[in-house]
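Peer 1: The structure that follows is given in the form of structure tokens.
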Amino acid sequence: MSFSQILDDRTLEQVQRFLDDFPYNGWQVAGGLAGGYLAYTITKLLKAWFIDPRLSPLMNLPGPESYGSIIWGNMAEIFKAPPLALHEEWFNKYGHTITYRGLFLAPRLSTKDPKALAHIVNHCYDYPKPPQMRSMLSKIFGEGINLELPTAEYLRDIWIRQVAEGGANEKEIDVLFWLTRTTLDVIGLAGFGYEFDTLAHGETNELVRAFMELFSPNQGGSAIGILANFIPALRWIPTERGRITTQSKAILDRIGIQLVQDKRAAILAASDGESGVEKKTVGGRDLLSVLIKANMATDVKDAERMSDEEVMGRHETTATSLTWLLYDLSLPQYQHIQTKLREELLTLTSECPTMEELNNLPYLDAVVRENLRYRSVADTTVRCAGKDDIIPVSTPYKDRNGVERMEFRIAAGEQILVPIGSLDRDKAIWGEDAEEFNPERWLEGNTHPRSAEIPGVFSGVLTFLGGPRSCIGYRFALMEMKVLIFALIPALSFQLPENPPTIEKKSQIVTRPAIMQADGKYKNSMPLRVKLVHSD
């Protein structure tokens, strides 16, 4: 019998009499509930600290014996180090598959074995994102999909004008600042048919301000914020990061949902009111129109329709990829790559080449592939075992007892860190020059046969992941990168500033360049010296 049925069988007077005779007041009830929750939490922590590690099959894998604290495990030192730096150290010492301690000493797996990763990404429903990660990402992005298309001429003209106004045929420009705004405008125009005008108006646009606040390098997770993913009661404690995330997400949601609603109204106004919208009539130049028309089609089942929140896309990482590419091309040891790339791009006579023409440029393609390999802007991702499983490996490893094995066991609920950057720069796969930017590797034929083992959706790299959950927008990202490169490199050259600042990697969803300011805080920035090509 349900609680509501019990109440239905009682008169109001009986309920009131029961409450009057109840031997405990409100504070006592609240104290009992709080005490019960505290006892539950303590029991759960004691189980995590003393029982779960002894039962976990991951504890048979090699890895560091020591950890920082019983709360943070090895995570505090991982957060303090550059992205993947500590994992690389452990891989070099213990082998391709390791275990270490996560929050509350939970055993955590990380492997860069291609066969093991193929098993994980190709069985995506058995290895979803952890609930804590899904909760965190949904607070920032919502539950959207990825859509992008390229534009570039406006950015090129802005930089040419800035250089010309400098009076010395060169100017120091923060390329990350402008590339971020360019890709936001790309989403607006090509994706949604809407002009954000972020290149023209910059920080005056509330969308740009929200985005910058959301991904600021100073907005890393606080201790309370991180622990709140595992202890729900801590979510009631207000934090600065939580306030910024809530405000920025509200702006992104408001603008995004308004775009969807305006587009839907326009489609309805243009359609035949009697026959409605059908999938076969779907058209439109921007992707949002196509998606909304398909979602509104009368021959689509209600269960297959998406909400407005699901239709709204999320911003991707093209701006960061291009920023790192321009930085690498600016380094003295890679200036010859910039020159060779420019020479190939100048062989095209059209100012607006087709994508077929751009795709037929072998060196441009090699530079883009190498950039995606060498600079994986999402260095890691996390998965969670949905069931007890046995994962095979391609090369043997020795467990903690010195026994050589070709597989390992994992228990349901245990987390896996997928080291995308480590695999993309693994010397065992790419050779001794894996830590160098070398587009020639893509022109010399298949000189790295083991790269075929990497379960990536694109070009033998894991940057766009693989399997059913790979990035659905990677082709759009590739187009956007190539068009932006074609617009910028022939007209402009890039070098390091006279006194280049120290560029650090700061990971906030993606790994962006950051510079420490005088006050000790970090700013996402990439200043480069930009010159007109004819002035060289």
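Peer 1: Considering each of PRO449, PRO419 in turn, give the residue that is open to solvent by less than 60 Å² (accessible area, probe 1.4 Å) and farther than 21 Å from GLN333 by Cβ. Spell out how you get there, then give the answer.
Peer 2: Numbers: PRO449 fails: open to solvent by less than 60 Å² (accessible area, probe 1.4 Å).
The conditions single out PRO419.
Peer 1: Of the conditions (1) at pLDDT below 95; (2) in a helix (DSSP H, G or I); (3) touching a Phe, Trp or Tyr at 6+ places or on another chain (Cβ under 9 Å), ILE337 fails just one. Which one is it?
Peer 2: Here ILE337 clears every test but (1).
Peer 1: If LYS482 passes every condition in (1) open to solvent by 50 Å² or more (accessible area, probe 1.4 Å); (2) farther than 30 Å from GLY386 by Cα; (3) not small (Gly, Ala, Ser); (4) not in a strand (DSSP E or B) but one, which one does it miss?
Peer 2: (1)
Peer 1: So how many residues does the stretch 492-506 have that are open to solvent by 40 Å² or more (accessible area, probe 1.4 Å), part of a strand (DSSP E or B) and out of contact with any Ser or Thr (no Cβ under 8 Å at 6 or more places or on another chain)?
Peer 2: 2
Peer 1: Does GLY473 satisfy the condition of being in contact with a helix residue (DSSP H, G or I) (Cβ under 6 Å, 6 or more places away or on another chain), over 17 Å from LEU325 (Cα atoms) and either open to solvent by less than 30 Å² (accessible area, probe 1.4 Å) or of a type in the set (A, V, I, L, M) (or both)? Show your work before the answer.
Peer 2: On the way: in contact with a helix residue (DSSP H, G or I) (Cβ under 6 Å, 6 or more places away or on another chain): no; over 17 Å from LEU325 (Cα atoms): yes; either open to solvent by less than 30 Å² (accessible area, probe 1.4 Å) or of a type in the set (A, V, I, L, M) (or both): yes.
Taking the combined requirement at face value, the residue does not satisfy it.
Peer 1: Considering only the stretch 71-85, how many residues are of a type in the set (Val, Ile, Thr) and either assigned to a strand (DSSP E or B) or within 14 Å of THR380 (Cβ to Cβ) (or both)?
Peer 2: Kept after step one, since they are of a type in the set (Val, Ile, Thr), are these residues of the stretch 71-85: 71, 78.
Next, from what is left, pick out any that are either assigned to a strand (DSSP E or B) or within 14 Å of THR380 (Cβ to Cβ) (or both): 78.
Selection size over the stretch 71-85: 1.
Peer 1: For the structure I just gave you, tell me whether GLN247 is within 30 Å of ASP365 (Cα to Cα), of a type outside the set (Gly, Ala, Ser) and either buried (at least 16 other Cβ atoms within 10 Å of the Cβ) or at pLDDT 80 or above (or both).
Peer 2: no
Peer 1: Counting just the residues of the stretch 517-536 that are of a type in the set (Gly, Ala, Ser) and in contact (Cβ under 8 Å) with a residue 40 or more places away in the chain, which one comes out surrounded by the most Cβ atoms within 10 Å (Cβ to Cβ)? Can you show your working first?
Peer 2: Quick first cut of the stretch 517-536, residues of a type in the set (Gly, Ala, Ser) only: 518, 520, 525, 535.
Next cut, in contact (Cβ under 8 Å) with a residue 40 or more places away in the chain only: 525, 535.
Working: SER525: 18, SER535: 11.
Only one residue tops the list, namely SER525.
Peer 1: Still on this structure, please answer the following. Read through the list (1) at pLDDT 80 or above; (2) open to solvent by 90 Å² or more (accessible area, probe 1.4 Å); (3) aromatic (Phe, Trp, Tyr), then give the number of the only condition that TRP90 fails.
Peer 2: (2)
Peer 1: Can you name the number of the only condition in (1) small (Gly, Ala, Ser); (2) over 18 Å from THR323 (Cβ atoms); (3) buried (at least 18 other Cβ atoms within 10 Å of the Cβ); (4) out of contact with any Gly (no Cβ under 8 Å at 6 or more places or on another chain) that ALA514 fails?
Peer 2: Single failed check for ALA514: (2).
Peer 1: Looking at the structure I just gave you, is ALA39 more than 29 Å from ASP399 (Cβ to Cβ) and open to solvent by less than 80 Å² (accessible area, probe 1.4 Å)? First the steps, then the outcome.
Peer 2: On the way: more than 29 Å from ASP399 (Cβ to Cβ): yes; open to solvent by less than 80 Å² (accessible area, probe 1.4 Å): yes.
Yes, satisfied.
Peer 1: Here's something else I'd like to know. Test VAL530 against the criterion of being within 19 Å of VAL418 (Cβ to Cβ) and β-branched (Val, Ile, Thr), and give yes or no. Even if it seems obvious, please write down each step before you answer.
Peer 2: Working: within 19 Å of VAL418 (Cβ to Cβ): no; β-branched (Val, Ile, Thr): yes.
When the stated conditions are applied, VAL530 does not pass them.
Peer 1: How many residues are part of a loop (DSSP other than H, G, I, E, B) and either within 29 Å of the chain's Cα centre (by Cα) or surrounded by 15 or more Cβ atoms within 10 Å (Cβ to Cβ) (or both) if we restrict to the stretch 48-70?
Peer 2: Result for the stretch 48-70: 8.
Peer 1: Take the residues of the stretch 498-513 that are of a type in the set (S, T, N, Q) and over 9 Å from the mean Cα position of the chain (by Cα): which is farthest from PHE464 (Cα to Cα)? Working first, answer last.
Peer 2: Looking only at the stretch 498-513, we keep the residues that are of a type in the set (S, T, N, Q), and these are 499, 502, 507-508, 511.
Still in the list and also over 9 Å from the mean Cα position of the chain (by Cα): 499, 502, 507.
Numbers: ASN499: 35, THR502: 28, SER507: 17 Å.
The selected residue is ASN499.
Peer 1: Going through GLU404, GLU351, GLU356, GLU370 one at a time, which residue ends up being of a type in the set (Asp, Glu), closer than 30 Å to LEU417 by Cα and either in contact with a His (Cβ under 6 Å, 6 or more places away or on another chain) or open to solvent by 70 Å² or more (accessible area, probe 1.4 Å) (or both)?
Peer 2: GLU404
Peer 1: Okay, next question. Name the helices (runs of 4 or more DSSP H) wholly within the stretch 359-478 that hold at least 3 residues that are under 27 Å from the mean Cα position of the chain (by Cα) and over 24 Å from LYS340 (Cα atoms)?
Peer 2: Those helices (runs of 4 or more DSSP H) span 420-424, 427-430.
Peer 1: Right, here's the next one. Of the conditions (1) in a loop (DSSP other than H, G, I, E, B); (2) of a type in the set (Gly, Ala, Ser); (3) open to solvent by less than 30 Å² (accessible area, probe 1.4 Å), ALA319 fails just one. Which one is it?
Peer 2: Evaluating ALA319 over (1) in a loop (DSSP other than H, G, I, E, B); (2) of a type in the set (Gly, Ala, Ser); (3) open to solvent by less than 30 Å² (accessible area, probe 1.4 Å) leaves (1) as the failure.
The values are calculated or read from the model by the stated rules, or taken from the named source; none is laboratory data. Computed from a predicted structure; not experimentally measured. Please note: Cβ atoms are built from the backbone with ideal geometry, for glycine as well, and neighbour counts cover all protein chains shown. Just so you know, the surface numbers come from the protein's heavy atoms only, side chains and all, with ligands and any DNA or RNA stripped out. Shrake-Rupley method; radii C 1.70, N 1.55, O 1.52, S 1.80 Å.
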